[in-house]
Amino acid sequence: MSEDNKKDSGISDVIKKVVSIGIGAAFMTEESVKGILADLPLPKDIINGLTQNAKTAKEDFSKSIREELSKQMSKVDPSKLVEDLIDKYDIQVEAKFKFTKKNPKDSE
């Protein structure tokens, strides 16, 4: 492999890793992202920018999930839901109780 091909391959690997970190950043802690990026041969300002982008992506992702759940839950009528459950389903409750004698030392 020529020297240019090795450089291209190295750059390609770095780009692949940065893209995968960007995609997975919503599920990683900021420290995890920093740890992974620290292994890459990138200038510190680029690493800081990528870390900030990862943090922003995570916050945006969390916010959009919260908003969507809130929007969907606001459409649910609890009394209608309970009424439908009672009308359409048989309800069965199973319970198991177990009484175990306490150790006398525990009550002191």
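Values quoted throughout were computed directly from the atomic coordinates according to the rules given, and no laboratory measurement underlies them. The structure presented is a predicted model; accordingly, all values stated were derived computationally and were not measured. All Cβ positions, even for glycine, are placed from backbone atoms using ideal geometry, and neighbour counts span all protein chains on display.
Quick look at the numbers
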quantity: Rg and Dmax [Cα atoms of the stretch 50-102; Å; Rg one decimal, Dmax integer]; calculated: 21.5, 58
quantity: Neighbour cut-off at most 10 other Cβ (10 Å), DSSP loop, chymotrypsin sites (Phe, Trp or Tyr not before Pro), the stretch 47-108; calculated: Tyr89, Phe97, Phe99
quantity: Neighbour-count ranking [beta-carbon atoms within 10 angstrom, fewest first] of Ile65, Ile91, Ile47; calculated: Ile91, Ile65, Ile47
quantity: Relative exposure of Val82, Val93, judged by other C-beta atoms within 10 Å (fewest first); calculated: Val93, Val82
quantity: Taking Lys63, Lys55, Lys101 and counting other C-beta atoms within 10 Å, the order from fewest to most; calculated: Lys101, Lys63, Lys55
